[in-house]
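Data first, discussion second: the structure below is written as structure tokens.
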Amino acid sequence: MTVETPQARARAAAPAKPALVDADIHPTMNSAAEALPFLDKEWHEFHLTYSGFPKLPFAALDAYAGIEPNIARRDSYPPSGRVPGSDLDFMRQQHLDPNNIEIGMLQPLAPNGGWQRNVEYGTALAACVNRWQLEAWAEPEPRLRASICVMQEDAESSVAEIRRHGNNPRFAQVSLGQRLVEPLGRKRYWPVFAAAQEFDLPIGIHGGGNGGAPVFGGAGWASYHIQQHQSIHAGMAAVMASLILEGVFDEFPRLKVILVEGAFTWIPTALYRLDALWSRMRSELPRVKEPPSEIFRRHFWASTQPMDVFDNPADLRTLMEWVGWDRLLFATDYPHWDSDDPHYVFPFPLAADLKEAIFNSNAKRVLRV
């Protein structure tokens, strides 16, 4: 039985909202067995026996050990008894319908082939997740769009998976994790960028995952979940710098990148620092011919979630202006515990044109929808 919260009652009583594009919705499988109809038969026994071997800092657990399945909020358990994020009908009832979601971008995290240590299994699992997204979510619910998930450490299989689904309009982006074996701008990942550009698909880089190294920097494994969560923002800054400084956009001038679930308030200071360093040390990077901030303005977007809270809402508004009103995509992160509600997400009034851009048209300009 679903508990009706005060927030849910307020949403029900609120005036109708404009159509929204949600850049971050997390579907999940109810059990390991749910993958079998979509997974190549040769991997069935392996999948059921080992349940994968992801590169994660807390062994089989993610960075939120001991809390709800799928990092979920407590009211997201469906009446069917399935785990949060696994019931399409309940997602319609709790999220798509009341929030007037016009387009919802699926971001599968569990399972995720790209985070596996076993490359062959990861390749098979990525293909499985793509079939599952299509048949269980995007085809029966026209408002949803799927992400092409890949085994990101294997460029050949990643390109093959992009080519398999690249012409299917139900897929709107290529999905990568932010934590890889090497910095994302390295040439080992360039074939993935080439394939994405070929099909006019943006690269959605979602916070999380693990390349096997301790968090970010040289301090070793995080002691606390708070540290692990905070490191997502630092990781996004590192990914952005790598892509810009290693010349990815010089090679792929039409490539678009979305930073998903990594917040955005860090972007202005990161770009200010990059520009300052570039102005003094640009001889090291002769192919980077303009300030990094200008490259960002052409090639990067960021989802709004998790929304940082400021004592003075005007400070948040200033940071959004610095990032660029046209660079921000609204995202809920449903059904995660720290998801953002579109009714309350901005603590200050927005002009109608800015609201429409963030909640709708910005996403339509970058996602292939």
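Values computed for the structure shown
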| item | result |
| --- | --- |
| Residue check, residue 164 in contact (Cβ under 8 Å) with a residue 40 or more places away in the chain and out of contact with any helix residue (DSSP H, G or I) (no Cβ under 6 Å at 6 or more places or on another chain) | no |
| Hits in the stretch 38-62 (condition: under 18 Å from residue 83 (Cβ atoms), open to solvent by 60 Å² or more (accessible area, probe 1.4 Å) and at pLDDT 65 or above) | 48, 51 |
| Per-region count, the stretch 109-121, residues touching a residue at least 60 places away in the same chain (Cβ under 8 Å) and either in contact with a Gly (Cβ under 6 Å, 6 or more places away or on another chain) or not in a strand (DSSP E or B) (or both) | 9 |
| Qualifying helices (runs of 4 or more DSSP H) (wholly inside the stretch 129-245; at least 3 residues being more than 28 Å from residue 35 (Cα to Cα) and more than 15 Å from the chain's Cα centre (by Cα)) | 190-198, 225-245 |
| Subset of the stretch 209-247 [under 21 Å from residue 114 (Cα atoms), at pLDDT 75 or above and among the hydrophobic types (A, V, I, L, M, F, W, C)] | 232, 234, 236, 237, 238, 239, 240, 243 |
| Flag if residue 313 is at pLDDT 95 or above and closer than 25 Å to residue 355 by Cα | no |
| Conditions (1) in contact with a strand residue (DSSP E or B) (Cβ under 7 Å, 6 or more places away or on another chain); (2) open to solvent by 30 Å² or more (accessible area, probe 1.4 Å); (3) aliphatic (A, V, I, L, M): number failed by residue 226 | (1) |
| Residue ID - farthest from residue 150 (Cα to Cα), chosen from residues in the stretch 104-120 that are hydrophobic (A, V, I, L, M, F, W, C) and open to solvent by 10 Å² or more (accessible area, probe 1.4 Å) | 110 |
| Residue check for residue 129: more than 17 Å from residue 196 (Cβ to Cβ), buried (at least 24 other Cβ atoms within 10 Å of the Cβ) and of a type in the set (A, V, I, L, M) | yes |
| One residue from 261, 284 being at pLDDT below 95, within 22 Å of the chain's Cα centre (by Cα) and of a type in the set (Asp, Glu) | 261 |
| Members of the stretch 66-108 that are of a type in the set (A, V, I, L, M, F, W, C) and not in a strand (DSSP E or B) | 67, 71, 83, 88, 90, 91, 96 |
| Of residues in the stretch 316-368 being aliphatic (A, V, I, L, M) and in contact with a Pro (Cβ under 8 Å, 6 or more places away or on another chain), the one nearest to residue 77 (Cα to Cα) | 367 |
| Subset of the stretch 283-298 [within 19 Å of residue 365 (Cβ to Cβ) and open to solvent by less than 10 Å² (accessible area, probe 1.4 Å)] | 296 |
| Residue ID - nearest to residue 361 (Cα to Cα), chosen from residues in the stretch 299-326 that are among the aliphatic types (A, V, I, L, M) and not in a helix (DSSP H, G or I) | 302 |
| Failed condition for residue 360, given (1) open to solvent by 30 Å² or more (accessible area, probe 1.4 Å); (2) assigned to a helix (DSSP H, G or I) | (1) |
| Hey, residue 125 touching a Cys at 6+ places or on another chain (Cβ under 9 Å), over 25 Å from residue 299 (Cβ atoms), touching a residue at least 40 places away in the same chain (Cβ under 8 Å) and not acidic (Asp, Glu) or not | yes |
| Search result, residues across the stretch 261-277 that are under 17 Å from residue 242 (Cβ atoms), open to solvent by 30 Å² or more (accessible area, probe 1.4 Å) and part of a helix (DSSP H, G or I) | 273, 275, 277 |
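The values are calculated or read from the model by the stated rules, or taken from the named source; none is laboratory data. Here the structure is a predicted model, which means the values were calculated and not measured. Ideal geometry is used to build each Cβ from the backbone, glycine not excepted, and the neighbour counts take in all protein chains shown. Please note that ligands, DNA and RNA were not included when accessible areas were found on the heavy atoms of the full protein model with its side chains. Shrake-Rupley method; radii C 1.70, N 1.55, O 1.52, S 1.80 Å.
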